[in-house]
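Reviewing the structure listed below.
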Amino acid sequence: GLVHVAWRRAGIEPVEANASPPGLRESLAQVAGSPYLRSIAWVIGLASFATTIAGWQFKAIAKAEIPDTDQLTAFFGLFNMLAGVASLVLQVVLTGRVLRTAGVGVALFVVPLAMASTSVAVLVLGSLAAVSALKASDQVLRYSIDKSTVELLYLPLSAAETFRVKAFIDTVVYRFGDGLGGLVVLVCATGLGWSPVQVGWVTLAVVVAWLGAAAAARSHYVLNLRESILQHRMD
């Protein structure tokens, strides 16, 4: 019911609403042919990659520190509850202010910088507190500040371009990052016998790459936003 109401109020033109989405090859070709779309895809893919590995580190270290199943379940429940409340508060209180005052270019770096610092803490300390901070960087900040920021990256694009590529990036690219992260965990933990703390080197490397992708996305965002304004595609 809510989706129906939202769709009616969106004011989508009939042609746009009834347009058929492009196939996988067409979407891939469009993303590959645009430096800006490639930068968005890299940001989303690397974010998914890094957070998948960090999520496994969190669970593995928590299980080692809290062997009792009931206590471990209680810990995960408490953590998720607190992270959800914190994410909601940040979304309501802080996200809008950060985007208005600092802008998209700065907000893009909030989560990868937080995860980089907490990844170093995990490598140095290897404690449950450190890996909880790493997971919180993802679960609290990514679903408040980072999610809103990434959505704004599509602002300079026309409605037709967004319609064609957003679903591809948000599903195929995002899930590819998930799958790649799972494969890396499998190789490192099972094949190489690395501990959850040692896998933190991979997390840190991916987060550094994420920072590079965010820098590229910021540069392309400014250029495309300026072009969109000059061509009168947006007010």
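The values are calculated or read from the model by the stated rules, or taken from the named source; none is laboratory data. Quantities reported herein were computed from a predicted structural model and do not represent experimental measurements. Ideal geometry is used to build each Cβ from the backbone, glycine not excepted, and the neighbour counts take in all protein chains shown. Accessible surface areas use protein heavy atoms only, side chains included; no ligands, DNA or RNA. Shrake-Rupley method; radii C 1.70, N 1.55, O 1.52, S 1.80 Å.
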What number of residues within the range 57-91 satisfy the criterion of being touching a helix residue (DSSP H, G or I) at 6+ places or on another chain (Cβ under 7 Å) and farther than 30 Å from Thr190 by Cβ? 4
Evaluation of Arg164 against (1) out of contact with any helix residue (DSSP H, G or I) (no Cβ under 8 Å at 6 or more places or on another chain); (2) charged (D, E, K, R); (3) within 26 Å of Leu24 (Cβ to Cβ) (one fails), failing number: (1)
Does Ser34 qualify as being over 20 Å from Val110 (Cβ atoms) and either modelled with pLDDT of 80 or more or surrounded by fewer than 16 Cβ atoms within 10 Å (Cβ to Cβ) (or both)? yes
Would you be able to say whether some residue in the range 194-212 is buried (at least 17 other Cβ atoms within 10 Å of the Cβ), farther than 25 Å from Ser132 by Cα and in contact (Cβ under 8 Å) with a residue 60 or more places away in the chain? no
What about Ser119, is it buried (at least 16 other Cβ atoms within 10 Å of the Cβ), under 19 Å from the mean Cα position of the chain (by Cα), within 15 Å of Leu94 (Cβ to Cβ) and among the polar types (S, T, N, Q)? no
Subset of the range 115-130 [over 18 Å from Lys59 (Cβ atoms) and touching a residue at least 24 places away in the same chain (Cβ under 8 Å)]: Ala116, Val120
Among the residues of the range 78-116, the number that are open to solvent by less than 40 Å² (accessible area, probe 1.4 Å) and within 19 Å of Phe49 (Cα to Cα) is 6
Counting just the residues of the range 154-198 that are outside any helix (DSSP H, G or I) and of a type in the set (Phe, Trp, Tyr), which one comes out nearest to Ala54 (Cα to Cα)? Trp194
Taking the range 40-75 as the search range and keeping residues that are free of Cβ contacts under 8 Å to residues at least 24 places away in the same chain and not in a helix (DSSP H, G or I), which one is farthest from Gln30 (Cα to Cα)? Asp68
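Quick grid of which residues meet (1) out of contact with any Gly (no Cβ under 7 Å at 6 or more places or on another chain); (2) closer than 24 Å to Ser119 by Cα; (3) of a type outside the set (Ser, Thr, Tyr):
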position: Ser39; (1), (2), (3): yes, yes, no
position: Trp42; (1), (2), (3): yes, yes, yes
position: Gln57; (1), (2), (3): no, yes, yes
position: Lys63; (1), (2), (3): yes, yes, yes
position: Gln71; (1), (2), (3): yes, no, yes
position: Gly96; (1), (2), (3): yes, no, yes
position: Leu108; (1), (2), (3): yes, yes, yes
Where a residue in the range 168-191 is open to solvent by less than 50 Å² (accessible area, probe 1.4 Å) and its partner, wherever it lies, is not in a helix (DSSP H, G or I), with Cβ under 6 Å and at least six apart: Cys188/Trp194; Cys188/Val199
Against the condition outside any loop (DSSP other than H, G, I, E, B), crowded, with 20+ Cβ neighbours inside 10 Å and under 20 Å from the mean Cα position of the chain (by Cα), how does Ile145 come out, does it pass? yes
